[in-house]
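Notes follow once the structure below has been shown.
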Amino acid sequence: MSDGGSGRVVVLAGGVGGAKLAHGLQAHLGDRLTVVVNTADDLERHGLLVMPDHDTVMYTLAGLANQEQGWGLEGETFAASEMLGRYGEETWFRLGDRDLATHIARTARLRSGQRLTDACRALQH
């Protein structure tokens with residue numbers, strides 16, 4: 001897996017299990033870890049690009065994930081989702097308020113011409 005401590009390690013990840021694996025590896029490898037995340041489950045909700053696997057990994061590695069659920073953000077609120085429901089919008093895929101900010105920022109960066117990789121990496125810092 002590694003060349004004795006000096007090389008990079010790449011892990012393929014998706015969802016909660018991949019996020020937990022990446023988190024464990026990050027504890028031992030630090031910035032030598034590169035995580036390539038599944039994008040097959042990406043979707044558009046309310047005109048925004050939602051990347052569930054990417055965001056689960058990103059929030060987990062940043063120490064922001066909801067540990068009880070395994071996905072989403074700790075202490076998340078759902079006021080925007082509740083209001084969308086009042087307007088008759090589809091809410092089966094509940095987006096938390098702070099999570100919604102991630103989707104808004106990512107989508108805005110893509111619409112301004114950034115590559116997906118660059119838009120995602122910018123959110124990770």
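The values are calculated or read from the model by the stated rules, or taken from the named source; none is laboratory data. The structure displayed is predicted, hence computed values, not measured ones. Cβ coordinates were reconstructed from backbone atoms using ideal geometry, including for glycine residues, and neighbour counts include every protein chain displayed. Protein only, heavy atoms only, side chains kept; ligands, DNA and RNA dropped before computing areas. Shrake-Rupley method; radii C 1.70, N 1.55, O 1.52, S 1.80 Å.
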* Within the stretch 92-115, which residues are closer than 23 Å to ALA65 by Cβ and open to solvent by 50 Å² or more (accessible area, probe 1.4 Å)? -> TRP92, PHE93, ARG94, ARG98, ALA101, ILE104, ARG109
* Among all residue pairs at least 6 apart or on different chains, which show Cβ distances below 7 Å where the first residue, located in the stretch 20-38, is farther than 21 Å from GLU68 by Cβ and the second is among the polar types (S, T, N, Q) and part of a helix (DSSP H, G or I)? -> LEU33/GLN26
* To do: Give just the number: which of (1) open to solvent by less than 80 Å² (accessible area, probe 1.4 Å); (2) within 20 Å of CYS120 (Cα to Cα); (3) modelled with pLDDT of 95 or more does LEU29 not satisfy?
  => (2)
* the stretch 37-61: number of residues that are aliphatic (A, V, I, L, M), surrounded by 13 or more Cβ atoms within 10 Å (Cβ to Cβ) and outside any helix (DSSP H, G or I) -> 5
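A quick yes/no check of all residues on (1) under 14 Å from the mean Cα position of the chain (by Cα); (2) in a loop (DSSP other than H, G, I, E, B); (3) under 26 Å from VAL9 (Cα atoms):
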site: ALA22; (1), (2), (3): yes, no, yes
site: LEU25; (1), (2), (3): no, no, yes
site: VAL35; (1), (2), (3): yes, no, yes
site: ALA80; (1), (2), (3): no, no, no
site: GLY85; (1), (2), (3): no, no, no
* So which pairs qualify, if the first residue must be in the stretch 95-110 and part of a helix (DSSP H, G or I), the second must be of a type in the set (Asp, Glu) and open to solvent by less than 50 Å² (accessible area, probe 1.4 Å), the Cβ gap must be under 7 Å, and the two must be at least 6 apart or on different chains? -> ASP97/GLU76; ARG98/GLU76; ASP99/ASP55; ASP99/GLU76; THR102/ASP55
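Determine whether GLY75 is farther than 29 Å from GLN114 by Cα and either polar (S, T, N, Q) or at pLDDT 95 or above (or both).
yes
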